[in-house]
Structures are given as structure tokens and as C-alpha cells.
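A.B. asks: Just dropping this structure here.
The values are calculated or read from the model by the stated rules, or taken from the named source; none is laboratory data. Everything numeric in this text was worked out from a predicted model, so none of it was measured. Neighbour counts run over all protein chains shown; Cβ positions are idealised from the backbone, glycine included.
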Protein chains: 2
Amino acid sequence: MRLLEERIQKDGEIIGNDIVKVDMFLNHQIDVELLCEIGKEFKRLFADRPVNKIVTIEASGIGIACITAQYFSVPVVFAKKGNHRNVGNDIYTGEVFSFTKGVTTQIGISRKYISPDDHILIIDDFLANGGAAKGLIGIIEQAGATVEGIGIVIEKGFQSGGKELREMGYNLKSLAVINSIDEGKIIFG
Amino acid sequence: MRLLEERIQKDGEIIGNDIVKVDMFLNHQIDVELLCEIGKEFKRLFADRPVNKIVTIEASGIGIACITAQYFSVPVVFAKKGNHRNVGNDIYTGEVFSFTKGVTTQIGISRKYISPDDHILIIDDFLANGGAAKGLIGIIEQAGATVEGIGIVIEKGFQSGGKELREMGYNLKSLAVINSIDEGKIIFG
């Protein structure tokens with residue numbers, strides 16, 4: 001998605017050779033106009049799938065998921081992190097290992113909001129090693145629901161998550177794939 | 001907002017005499033169609049204010065803020081909870097005491113995303129004792145920006161936050177005010 005690549009190039013903050021921060025427009029300050037274009041693009045890419053629910057993970061996935069959900073006319077369910085005090089006990093849980101932070105986080109979704117009838121599109125801001133996506137897939141498959149697709153805003157093509165998920169047969173589409181970061185320049189795939 | 005009151009009455013889960021969980025449509029599963037109506041209502045209520053940015057707090061405020069921001073054509077900035085490893089050090093911070101959870105949480109917003117020129121609408125899902133709103137106001141006023149208004153989806157009228165914020169002079173509007181919960185029935189104000 002050209003508009004997104006240009007924005008990452010312009011406003012992304014490069015740290016070392018493997019981190020691009022997009023705090024300026026995606027996950028701290030949010031450019032909602034850009035999010036609308038992102039949502040429309042996800043709709044175009046997954047138009048042939050019978051999606052009836054979008055699932056994401058707090059916190060930075062929620063805005064993207066809600067804006068995208070408008071174009072599908074479906075609800076959003078977001079996985080909560082941590083001990084789920086306010087979710088109740090009747091939940092599906094999974095674990096997400098973050099290489100960036102070096103920690104494992106518990107995630108959970110109430111059993112009330114995913115059922116075997118659901119056809120789910122997973123939406124998230126970043127895909128690197130795929131920890132969050134795999135955690136969400138685990139929860140969705142525990143519930144007997146179908147993963148219709150995985151929509152990612154920015155994939156780090158030089159990390160293994162995307163390759164693994166595609167090899168597992170998931171219909172994964174990323175709007176921008178960063179192949180490498182070289183001397184302060186981002187090379188897209 | 002009648003549509004919202006009806007939905008709370010229908011799908012809200014009452015716990016004891018002071019908790020209404022709206023996990024079904026607002027803060028775990030999200031009815032995005034309802035969120036659009038909420039967003040339009042906030043736009044109507046704050047149409048006379050020169051809002052150029054919406055500020056909220058992760059996680060459940062983000063979806064509401066993003067959908068609402070579309071009707072104002074402005075960006076969203078959300079305060080992050082916790083130790084802000086990914087935000088950098090150059091942040092405004094505040095504290096939020098949650099009576100529900102009995103804990104104090106640090107919140108922060110990068111200095112890059114709030115400036116003295118900003119005219120901010122605060123948006124959040126719940127207002128009870130006002131901890132989150134006061135934490136956000138503290139950050140916005142540290143930055144020298146103007147709080148143009150506070151838009152709340154559900155206010156618990158039997159707790160003190162709303163009264164205090166109105167007495168402090170803030171332009172606070174709540175779409176549904178719960179005055180009391182009596183034997184499983186919710187009484188709106």
C-alpha cells in the first residue's frame with residue numbers, strides 16, 4: 001500500500017537495524033484518516049471471505065480493528081492482556097511472547113464472544129515473529145471458530161512470523177512489508 | 001442517548017449495586033455500529049468547540065476515540081499505561097487511581113504529541129470517580145494545551161467524578177448517566 005509505505009518512510013523513526021517506531025501516526029498518535037484508507041484496503045483484500053467478526057489484541061490493534069470493522073459491518077473483539085480480572089473466569093487464554101520486550105504475556109477472550117460459527121479476520125498493527133497472531137489463532141481455534149484471514153499493517157519481512165504463518169496455510173496479507181533497514185533507509189518488499 | 005440507554009439496559013451485566021459490565025458491546029466485544037452513533041452524538045455535543053485532537057487512555061477508550069475522531073476529522077492520541085518503555089523518556093506523566101481495581105496506574109503521553117496549540121477533547125468509556133479523566137487533564141495541562149471538553153459514554157452518577165469535574169468548570173457530557181442500580185434494574189438520570 002503505497003500511501004502507507006510513503007508515510008512509514010516519512011514519519012517512521014528508525015532505531016538501529018531492526019526497529020521502526022510509528023508512534024507518530026499508528027500506535028500512540030493515530031492518524032484516523034490514514035486508518036480509514038487502511039480499513040478500506042483490508043476490506044478489498046479480504047472481500048471474498050465470509051468474515052463476521054474481527055479479532056485483535058489490546059492496545060494498539062483496537063483502533064485499526066474498529067475502523068476496519070466499519071467496512072465489513074461486523075463487531076470487534078479484542079483480547080485482553082494480563083490477569084483478566086474484569087473479564088471473568090470463563091475465558092479462552094493464550095500466551096504471546098514478545099521478542100521486542102523479552103516477555104511472555106497472557107492474553108484472553110471471554111468464551112461468550114467467540115463461537116464455532118464465527119469466521120474471523122485477525123487484525124494487528126505489527127507482525128515480526130508472529131507471537132501475537134499465533135496467540136490469537138490459538139484462542140480462535142480453541143473456540144472452534146475459523147480464521148478467515150490475518151491482516152497486518154506492517155510486517156517485518158526480515159523476521160520469521162510471516163513466513164511461518166503462510167507456511168501454516170493462513171491467508172496473511174500485510175499492507176507494508178519492511179524487508180530491511182539499511183543505514184537509516186527502509187527497504188520495502 | 002436513548003439508543004445507548006436501551007442497549008445498557010438490554011445487554012449490561014449488573015454486578016451487585018454498583019457495577020454494570022458492558023463487555024458485550026463496549027469494552028471487550030465492540031459493536032462498531034453503535035460506536036458510530038456514539039461518535040456522531042459526541043460531534044453534535046461538542047460541535048461548537050475548536051477541537052483539533054482527541055485524547056483517550058488505553059485500552060477500551062481507543063476504539064471509541066478513533067471512531068469519534070472521524071466525525072471531527074482530527075487525530076487521536078492515547079495515553080499509555082505502565083512503564084512506557086516503548087514511548088521513550090520524553091513524556092508527560094500522570095497517575096490514575098482506579099477504585100474498581102484498587103490500584104494506581106502510571107499513564108504517559110509523549111511530549112511530541114501534545115503542544116500548547118492543541119484544543120483537546122477527552123473521550124473515555126466510563127466515568128466513576130474520575131481518576132482517568134483527571135489523569136488525562138493533568139497531562140494536557142502540563143503540556144499547556146486546552147481541554148475543550150470531556151465526552152464520556154457511561155457516567156456513574158452515584159459516584160463523585162462527574163460532579164467534581166463539572167464544579168472544576170470542565171465541559172463534561174455523558175451519553176448515559178446511571179443514577180442507581182436497584183434490584184437488577186438500572187435507573188438513568
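A.B. asks: Checking the conditions here, which among A:Val51, A:Val32 is out of contact with any Asp or Glu (no Cβ under 7 Å at 6 or more places or on another chain) and of a type in the set (A, V, I, L, M, F, W, C)?
C.D. replies: Only one candidate passes the filter, namely A:Val32.
A.B. asks: Within the set of pairs 6 or more residues apart or between chains, which connect a residue that is free of Cβ contacts under 8 Å to residues at least 60 places away in the same chain and within 8 Å of chain A (Cβ to nearest Cβ) inside region B:53-76 to a residue that is buried (at least 24 other Cβ atoms within 10 Å of the Cβ) and of a type in the set (Ser, Thr, Tyr) with Cβ atoms less than 7 Å apart?
C.D. replies: What qualifies is B:Ile62/B:Thr56; B:Ala65/B:Thr56; B:Val76/B:Thr56.
A.B. asks: Tally time: how many residues in region A:127-149 are of a type outside the set (A, V, I, L, M), part of a strand (DSSP E or B) and without any contact (Cβ under 8 Å) to a residue 60 or more places away in the chain?
C.D. replies: Looking only at that region, the number is 1.
A.B. asks: Looking at region A:121-157 only, could you name the residues that are under 9 Å from the mean Cα position of the chain (by Cα) and either β-branched (Val, Ile, Thr) or more than 26 Å from A:Asp18 (Cβ to Cβ) (or both)?
C.D. replies: Of everything in region A:121-157, those that are under 9 Å from the mean Cα position of the chain (by Cα) and either β-branched (Val, Ile, Thr) or more than 26 Å from A:Asp18 (Cβ to Cβ) (or both) turn out to be A:Ile122, A:Ile123, A:Ile150, A:Ile152, A:Val153, A:Ile154.
A.B. asks: Just to verify a result, which residue in region B:1-38, among those that are part of a loop (DSSP other than H, G, I, E, B) and not aliphatic (A, V, I, L, M), is surrounded by the most Cβ atoms within 10 Å (Cβ to Cβ)?
C.D. replies: Looking at residues that are part of a loop (DSSP other than H, G, I, E, B) and not aliphatic (A, V, I, L, M), I get B:His28.
A.B. asks: Within region A:7-23, how many residues are of a type in the set (Val, Ile, Thr), more than 13 Å from every other protein chain (Cβ to nearest Cβ) and farther than 11 Å from A:Asp182 by Cα?
C.D. replies: Final tally of qualifying residues: 1.
A.B. asks: If you scan region A:52-63, which residues turn out to be more than 10 Å from the chain's Cα centre (by Cα), in a loop (DSSP other than H, G, I, E, B) and over 15 Å from B:Gln29 (Cβ atoms)?
C.D. replies: Selection gives A:Ala59 alone.
A.B. asks: Do the conditions hold for A:Glu141, that is, is it modelled with pLDDT of 95 or more, buried (at least 16 other Cβ atoms within 10 Å of the Cβ), away from every other protein chain (no Cβ under 11 Å) and in contact with a strand residue (DSSP E or B) (Cβ under 9 Å, 6 or more places away or on another chain)?
C.D. replies: no
A.B. asks: Would you check which residues across region A:67-84 are modelled with pLDDT under 95 and assigned to a helix (DSSP H, G or I) and list them?
C.D. replies: Selection gives nothing.
A.B. asks: Are any residues in region A:157-189 under 24 Å from A:Ala47 (Cα atoms) and part of a strand (DSSP E or B), and if so, which ones?
C.D. replies: A:Leu172, A:Lys173, A:Ser174, A:Leu175, A:Ala176, A:Val177
A.B. asks: Let me ask you something else. How do the pairs read when you match residues in region A:97-114 that are free of Cβ contacts under 8 Å to residues at least 40 places away in the same chain with residues anywhere that are part of a loop (DSSP other than H, G, I, E, B) and among the acidic types (Asp, Glu), using Cβ under 9 Å and keeping only pairs 6 or more apart or on different chains?
C.D. replies: Within 9 Å, the pairs are A:Ser110/A:Asp90; A:Arg111/A:Asp90; A:Lys112/A:Asp90.
A.B. asks: So is B:Ile62 surrounded by 18 or more Cβ atoms within 10 Å (Cβ to Cβ), at pLDDT 95 or above and under 29 Å from B:Ser180 (Cβ atoms) or not?
C.D. replies: So B:Ile62 fails the test.
A.B. asks: Can you find a residue in region A:102-110 that is within 8 Å of chain B (Cβ to nearest Cβ) and either of a type in the set (Gly, Ala, Ser) or touching a strand residue (DSSP E or B) at 6+ places or on another chain (Cβ under 7 Å) (or both)?
C.D. replies: Yes, there is a match, as at least one residue in region A:102-110 is within 8 Å of chain B (Cβ to nearest Cβ) and either of a type in the set (Gly, Ala, Ser) or touching a strand residue (DSSP E or B) at 6+ places or on another chain (Cβ under 7 Å) (or both).
A.B. asks: Pull out all pairs, ordered by first then second residue, where Cβ-Cβ is under 8 Å, the residues are six or more apart or on different chains, the first lies in region B:152-174 and is among the aliphatic types (A, V, I, L, M), and the second is in a loop (DSSP other than H, G, I, E, B) and at pLDDT 95 or above.
C.D. replies: From region B:152-174, the pairs are B:Ile154/B:Val22; B:Leu165/B:Gly130.
A.B. asks: Between B:Val103, B:Val177, B:Val153, B:Val87, which is at pLDDT below 95 and crowded, with 17+ Cβ neighbours inside 10 Å?
C.D. replies: Result of the check over B:Val103, B:Val177, B:Val153, B:Val87: B:Val87.
A.B. asks: Could you grab me the full set of residues in region A:39-51 that are touching a residue at least 12 places away in the same chain (Cβ under 8 Å) and either in a strand (DSSP E or B) or away from chain B (no Cβ under 12 Å) (or both)?
C.D. replies: Answer for region A:39-51, where residues must be touching a residue at least 12 places away in the same chain (Cβ under 8 Å) and either in a strand (DSSP E or B) or away from chain B (no Cβ under 12 Å) (or both): A:Lys40, A:Glu41, A:Phe42, A:Lys43, A:Leu45, A:Phe46, A:Arg49, A:Pro50, A:Val51.
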